[in-house]
Number of protein chains: 2
Amino acid sequence: MSRLITVAAAQLGPIEREESKDSVVKRMTDMMRHAHGRGARLVVYPEMALTTFFPRWHIEDEAELDSFYETEMPSAQTQPLFDLSKELGVGFYLGYSELFHDETGKKRRFNTAILVNQQAEIVGKYRKVHLPGHATYEPERPWQHLEKGYFEVGDLGFPVFRTMGGVMGMCLCNDRRWPETWRVMGMQDVDIVMLGYNTPVYNSVAAESPHLRMFHNHVSMQAGAYQNGTWAVGTAKAGMEGGVDMMAGSCIIAPTGEIVALATTSEDEVIVAECDLDRGRYIRDTVFNFDQHRRIEAYGLITERTGAVAPPE
Amino acid sequence: MSRLITVAAAQLGPIEREESKDSVVKRMTDMMRHAHGRGARLVVYPEMALTTFFPRWHIEDEAELDSFYETEMPSAQTQPLFDLSKELGVGFYLGYSELFHDETGKKRRFNTAILVNQQAEIVGKYRKVHLPGHATYEPERPWQHLEKGYFEVGDLGFPVFRTMGGVMGMCLCNDRRWPETWRVMGMQDVDIVMLGYNTPVYNSVAAESPHLRMFHNHVSMQAGAYQNGTWAVGTAKAGMEGGVDMMAGSCIIAPTGEIVALATTSEDEVIVAECDLDRGRYIRDTVFNFDQHRRIEAYGLITERTGAVAPPE
């Protein structure tokens, strides 16, 4: 038995602050055509794929800050992605910054991803749960990481969506480091976890070598894939962007935890893998047969307690 | 700041069914002396370190089955380990099969590990939570894996113990594959997770290459260490034992997820690493600062549900 879908990760090289969204969308549609030519029916773009990673700056002018967010989806600027999706029959995952006013008139901001099916319909939405960084300007940092200031914590949990022949899940960037992210989707029998990321090559607050940071990027996704018997597609925004070197290393990971496709540049680059959505079934039926082996009575601290508490001295 | 302790993994080569416990304990004390000579103050032995991995056989004779269990700790046979521990000032982790009669007279069996401090006092006990395998004889298997038949599910959770200068945690074999195991100890600010394992080189029920199984062994421990900023010491029972090839690959893993010491044989082998228990502090204070970043409101399914439930077709 096999359920095949060919999937692409469409890594984006740097997007400078001045680059227009039209220009970025053109780069993205070029990659969608390329991916389609290699057989892909599903393309995974990065987190905040339409703009530079603006949380690296402390932006005090609200209108300027707002310009990095999308207030409608699709918009005139993003419509070409949907048009090409429909023309080619290619679904996609898109990370972007979402802004709207709620029923009380309050301005709401989320770090969001949507899933679009092969008929160009939005079939799923996710809002980032694990916002890294800090909420207010920290002058001692070489660059800022203001996600906790520029976004609210996602309010949709980790939903999955049955579409395109499988059970599809989404997360964003820092979410990939947390085993809880993967497990909550694993508890819903997920087949592919899609995620985009924006990760600096260097740690801004601790000495940590770039090779170690790439290892952490990959090992988190590989463990998450294996431990839930799911495919994973991780797509980077890569290269020197706004003066900060951003990690590449986009990859497609099998349910065995093996990296089966890997980007080798820090530029716009399409990687493709043919994914059998049943490849992880033996894992979910044997070593990670949750129903047979999980012992939730021993897991209480995971959901009872937010922070770690050491035993008394 | 640093809190240094030199730790050893004392991998055991095969223990045949006929080998006496006295003989095994001699091998173990030899390795404790060797480890001490290399500076170790804490030695981690495998799971079921005193016997062959008997769940590979369907043993119908109850007296014969009982002979693989310890009814007291220490016993005359295991006393030499405690005597040498005291003489050398070396603590140890020991996996063994535990049998006792409870207050109702019922015979109880657990797959157990104890932690012994540098004064040879038992300071911690753990009983295996994630029992792999099956409960009854399955004739189609090339070898059995009757842990679910020979042991009860551990009833002590994943406790940690403040001793020997740090916060010490334990688990056993299959536990290492489950991110829940690591996280529950991470929620208690664990510094070192010790574990012994008995894992066949080949999967008895699915086609899976030995290199992939070794990768799964290591990636589970590396992710667990990194994602909780803890040291990990994994010690194998290795080599051809009872006709089944058992995976070696004993290792000591830093809180960065890096393997810093690795066994290269399938025999009795001591590996040693100097562990700074504060090495993981920057991880627990930054990327995995649980208090700042965890979002337990999104994790409910992890403790609400045992098995996976797919969305409706």
Subset tally (residues that are among the charged types (D, E, K, R), part of a loop (DSSP other than H, G, I, E, B) and away from every other protein chain (no Cβ under 11 Å)) for segment B:115-149: 4
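Considering only segment B:287-301, state which residues are open to solvent by 40 Å² or more (accessible area, probe 1.4 Å) and within 7 Å of another protein chain (Cβ to nearest Cβ). Explain how you work it out, then say what you get.
Initially, segment B:287-301 is screened for residues open to solvent by 40 Å² or more (accessible area, probe 1.4 Å), giving B:287, B:291-292, B:295-297.
Answer for segment B:287-301, where residues must be open to solvent by 40 Å² or more (accessible area, probe 1.4 Å) and within 7 Å of another protein chain (Cβ to nearest Cβ): B:V287, B:D291, B:R295, B:I296.
Criterion first (surrounded by fewer than 14 Cβ atoms within 10 Å (Cβ to Cβ), at pLDDT 95 or above, of a type in the set (D, E) and over 14 Å from A:A261 (Cβ atoms)) does A:D22 satisfy it?
yes
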Residue count, segment A:22-62 (criterion: outside any helix (DSSP H, G or I) and aliphatic (A, V, I, L, M)): 8
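In the set B:M240, B:M164, which member is on the phi > 0 side of the Ramachandran plot, touching a residue at least 24 places away in the same chain (Cβ under 8 Å) and either in contact with a Ser or Thr (Cβ under 7 Å, 6 or more places away or on another chain) or surrounded by fewer than 24 Cβ atoms within 10 Å (Cβ to Cβ) (or both)?
Values: B:M240 fails: on the phi > 0 side of the Ramachandran plot.
Only one candidate passes the filter, namely B:M164.
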Residues within segment B:91-116 that are over 22 Å from B:P159 (Cβ atoms) and of a type outside the set (D, E, K, R), tallied: 3
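The values are calculated or read from the model by the stated rules, or taken from the named source; none is laboratory data. The structure displayed is predicted, hence computed values, not measured ones. FYI the Cβ positions are ideal-geometry reconstructions off the backbone, even for glycines, and counts take in every protein chain you see. Surface areas here come from the heavy atoms of the whole protein model, side chains and all, with no ligands, DNA or RNA. Shrake-Rupley method; radii C 1.70, N 1.55, O 1.52, S 1.80 Å.
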